[in-house]
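**Q** First the structure, then my questions, so here it is.
The values are calculated or read from the model by the stated rules, or taken from the named source; none is laboratory data. Note that the coordinates shown come from a computational prediction; the quantities given were computed from them, not determined experimentally. Using ideal geometry, Cβ is built from the backbone for each residue, glycine included, and neighbour counts are taken over all protein chains shown.
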Number of protein chains: 2
Amino acid sequence: MTAFGNALRKAERRGLGQEAADRIRDAIFGGVFPPGAVLREVELAAGLEVSRGSVREALAQLEQEGLVRSAWHRGTRVIDLSVADVDEVYAVRAALERLAATSAGRRVDGEALAALEDLVSEMDSALRAGAAGSDLLALDIAFHDRIYAAAGNRRLLDAWHAVRSQVYLFQLTRVARDDADYRSILVEEHRELLALLRAGDTPRLAEAAEEHVDSARRRLVRMLAAAES
Amino acid sequence: MTAFGNALRKAERRGLGQEAADRIRDAIFGGVFPPGAVLREVELAAGLEVSRGSVREALAQLEQEGLVRSAWHRGTRVIDLSVADVDEVYAVRAALERLAATSAGRRVDGEALAALEDLVSEMDSALRAGAAGSDLLALDIAFHDRIYAAAGNRRLLDAWHAVRSQVYLFQLTRVARDDADYRSILVEEHRELLALLRAGDTPRLAEAAEEHVDSARRRLVRMLAAAES
DNA sequence: CATGTGCGGAATGTTGACATTCGGACATCA
DNA sequence: TGATGTCCGAATGTCAACATTCCGCACATG
């Protein structure tokens, strides 16, 4: 990292819509609006102290992220978490991660590798310190964010953002119910990805990235199946 | 297809925003707003006879499709077509087509195969009849739409829609400049995909789908390179 | 009893007015 | 002369009122 590595990064204003979207997203992740809950524009506008127009913009953004779904004159509600949904999201994610790994494999530099290394270390120490599942998840997502950034493909990043929130929501419910499983493989799998990335073994990295996602899918589906019985 | 194959499809209302989005998209494809052009909300609102709010919604939708890009208080403009953009879009598309082909390979039924067969036949006759490039393109896209539909993955479909308009715009400029190249491989490549799909050879189908996209990318890049010199 | 019909309330969809921001033209000063 | 500071017009961002649509429920009807 240079002296101003990311100190001079962004100074852009974003508008109330985006701000509102962040608040509502956090509320969903925080359990204020559980899966299936209805999001009423007037309520949100009153609570956030912005106009309905801005709330509308926020909900449109969240719909793009797949976190909510709305229908004509029928309101907006938080998505549900069926096994079919998990399969869909993780199938797309696997395809994207494969591409991200392949592209990143050709373009990584020392800076990105160092950042990834730091993240894995953070995971390790957070794990030993008995950190909350949501903190581990944030590091997990940050790791993959970094890889997508290294891929240097704006459209790929957009596609990732269209599933990222759903992945986060899914994993959050998983961790909330049984995180021993998650903790057991977190550091190991990411360390493997990092090693392959560093070694420049792109073909095996692509396979590992895909398998990493499918592994998460299988564990999630298993947990959901256990919950329904 | 059943008797009401697609006669009972959709009866949903969509709102002025979506309607406006369709008009503006067509205008972009029609060359009214060439790449790089500025889209002013007041102009569009006046032209379409809707409020600026609806235009805003339409522009947000088009931004999600990647056709336009907007910045805070700085307006909205049609995307440009650099070689880097083409590489990005087609890299993502290749990853998506690979997944779509794999999923579709497991789920296609006779109805879908028949529909695809019809589309290839239409391509063939349109080609012999000397149809316009844009018509051939519509059939091309329809073919791939059908495959994505057969994959039965809503998130995958959304991801496809996030690049489809850009693909269409790119191909449109290509066909407008030199369509002999395009015409020469159109039917052949799609017939090959259909054959592999029918044969149930999913691994080779996935490879072919990826190669089909990369072939299109190479031809496009070559054309852009020739145009700049 | 099942089906169709017509309110009524509550939510979303739409609009035009008002506030804010951006970028460039012009003036100012070393 | 070139860099900096300051206005101004034009566009976008935000808002609150108005219009439209949906859904549930009661009631009529066969």
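**Q** Scan the stretch A:26-39 and give yes if some residue there is more than 23 Å from A:Ser134 (Cβ to Cβ), loosely packed, with under 15 Cβ neighbours inside 10 Å and either under 21 Å from the mean Cα position of the chain (by Cα) or within 16 Å of DNA strand D (Cβ to nearest atom) (or both), otherwise no. Quick ask: steps written out before the conclusion?
**A** We begin by selecting, within the stretch A:26-39, every residue more than 23 Å from A:Ser134 (Cβ to Cβ); these are A:38.
Those left that are additionally loosely packed, with under 15 Cβ neighbours inside 10 Å: A:38.
Checking which are either under 21 Å from the mean Cα position of the chain (by Cα) or within 16 Å of DNA strand D (Cβ to nearest atom) (or both) leaves us with A:38.
Taking every residue of the stretch A:26-39 in turn, at least one turns out to be more than 23 Å from A:Ser134 (Cβ to Cβ), loosely packed, with under 15 Cβ neighbours inside 10 Å and either under 21 Å from the mean Cα position of the chain (by Cα) or within 16 Å of DNA strand D (Cβ to nearest atom) (or both).
**Q** Do you know which of the residues in the stretch B:56-89 that are within 11 Å of chain A (Cβ to nearest Cβ) and among the basic types (Lys, Arg) is surrounded by the most Cβ atoms within 10 Å (Cβ to Cβ)?
**A** B:Arg56
**Q** State whether one or more residues within the stretch B:120-140 are closer than 30 Å to A:Arg164 by Cα and not assigned by TED's automatic domain parsing to the domain that holds B:Asp26.
**A** Just the residues of the stretch B:120-140 that are closer than 30 Å to A:Arg164 by Cα, to begin with: none.
Scanning the stretch B:120-140 turns up no residue that is closer than 30 Å to A:Arg164 by Cα and not assigned by TED's automatic domain parsing to the domain that holds B:Asp26.
**Q** While we're looking at this one, here's another question. Among the residues of the stretch B:125-168, write down those that are of a type in the set (S, T, N, Q), touching a residue at least 40 places away in the same chain (Cβ under 8 Å) and away from chain A (no Cβ under 14 Å). I'd like the intermediate steps shown before the answer.
**A** In the first step, residues of the stretch B:125-168 are kept if they are of a type in the set (S, T, N, Q); the result is B:125, B:134, B:153, B:165-166.
Among the residues that remain, those that are also touching a residue at least 40 places away in the same chain (Cβ under 8 Å) are: B:134, B:153, B:165-166.
Of everything in the stretch B:125-168, just one residue is of a type in the set (S, T, N, Q), touching a residue at least 40 places away in the same chain (Cβ under 8 Å) and away from chain A (no Cβ under 14 Å), namely B:Ser134.
**Q** Something else about it: Give just the number: which of (1) modelled with pLDDT of 95 or more; (2) surrounded by fewer than 16 Cβ atoms within 10 Å (Cβ to Cβ); (3) within 14 Å of another protein chain (Cβ to nearest Cβ) does B:Asp22 not satisfy?
**A** Going through (1) modelled with pLDDT of 95 or more; (2) surrounded by fewer than 16 Cβ atoms within 10 Å (Cβ to Cβ); (3) within 14 Å of another protein chain (Cβ to nearest Cβ) one by one, B:Asp22 breaks only (3).
**Q** Also, quick follow-up: Within the stretch A:154-176, is even one residue farther than 21 Å from B:Arg155 by Cα and surrounded by fewer than 17 Cβ atoms within 10 Å (Cβ to Cβ)?
**A** Our first condition is that a residue be farther than 21 Å from B:Arg155 by Cα; within the stretch A:154-176, this holds for A:175-176.
So of that shortlist, the ones also surrounded by fewer than 17 Cβ atoms within 10 Å (Cβ to Cβ) come out as A:176.
Checked the stretch A:154-176: at least one residue is farther than 21 Å from B:Arg155 by Cα and surrounded by fewer than 17 Cβ atoms within 10 Å (Cβ to Cβ).
**Q** Write out, first by first residue and then by second, each pair whose Cβ atoms fall under 9 Å of each other, whose residues are 6+ apart or on separate chains, and whose first residue, in the stretch A:64-83, is within 23 Å of B:Glu65 (Cβ to Cβ) while the second is at pLDDT below 95 and within 16 Å of DNA strand D (Cβ to nearest atom).
**A** Here the result reads A:Ala71/B:Glu12; A:Trp72/B:Glu12; A:Trp72/B:Arg13; A:Trp72/B:Arg14; A:Trp72/B:Gly15, each pair linking the stretch A:64-83 to a residue that is at pLDDT below 95 and within 16 Å of DNA strand D (Cβ to nearest atom).
**Q** A further question on this structure: Scan the stretch B:26-63 for residues that are closer than 27 Å to B:Gln171 by Cα and polar (S, T, N, Q) and jot them down.
**A** Passing the criteria: only B:Gln61.
**Q** For A:Arg98, state whether it is at the interface with chain B (Cβ under 9 Å from one of its Cβ atoms) and within 24 Å of A:Val187 (Cβ to Cβ). I'd like the intermediate steps shown before the answer.
**A** Details: at the interface with chain B (Cβ under 9 Å from one of its Cβ atoms): yes; within 24 Å of A:Val187 (Cβ to Cβ): yes.
Spelling it out, A:Arg98 is indeed at the interface with chain B (Cβ under 9 Å from one of its Cβ atoms) and within 24 Å of A:Val187 (Cβ to Cβ).
**Q** Which is farther than 23 Å from A:Leu99 by Cβ, within 12 Å of the chain's Cα centre (by Cα) and in a helix (DSSP H, G or I), of A:Ala138, A:Ala126? Let's see the steps before the verdict.
**A** Numbers: A:Ala126 fails: within 12 Å of the chain's Cα centre (by Cα).
Unique residue meeting the criteria: A:Ala138.
**Q** Please find, within the stretch B:74-123, the residue that is nearest to B:Leu172 (Cα to Cα) out of those that are away from DNA strand C (no atom under 16 Å from the Cβ) and part of a loop (DSSP other than H, G, I, E, B). Can you show your working first?
**A** Of the stretch B:74-123, the ones away from DNA strand C (no atom under 16 Å from the Cβ) are B:78-123.
Right, trim to part of a loop (DSSP other than H, G, I, E, B) and you get B:79-82, B:108-109.
Values: B:Ile79: 14, B:Asp80: 13, B:Leu81: 11, B:Ser82: 14, B:Val108: 29, B:Asp109: 31 Å.
The qualifying residue nearest to B:Leu172 (Cα to Cα) is B:Leu81.
**Q** Can B:Leu62 be described as within 16 Å of DNA strand D (Cβ to nearest atom) and either assigned to a helix (DSSP H, G or I) or modelled with pLDDT under 95 (or both)? Reasoning before the result, please.
**A** Numbers: within 16 Å of DNA strand D (Cβ to nearest atom): yes; either assigned to a helix (DSSP H, G or I) or modelled with pLDDT under 95 (or both): yes.
Here the answer is yes, as B:Leu62 does meet what is asked.
**Q** Give just the number: which of (1) within 16 Å of DNA strand D (Cβ to nearest atom); (2) touching a residue at least 24 places away in the same chain (Cβ under 8 Å) does A:Tyr90 not satisfy?
**A** (1)
**Q** Of the residues in the stretch A:42-55, how many are within 10 Å of DNA strand D (Cβ to nearest atom), surrounded by fewer than 18 Cβ atoms within 10 Å (Cβ to Cβ) and of a type outside the set (Gly, Ala, Ser)? Walk me through it before giving the result.
**A** Kept after step one, since they are within 10 Å of DNA strand D (Cβ to nearest atom), are these residues of the stretch A:42-55: A:42, A:45-46, A:48-55.
Checking the rest, the ones that are also surrounded by fewer than 18 Cβ atoms within 10 Å (Cβ to Cβ) come to A:42, A:46, A:48-49, A:51-53.
Subset that is of a type outside the set (Gly, Ala, Ser): A:42, A:48-49, A:52.
Total meeting the criteria: 4.
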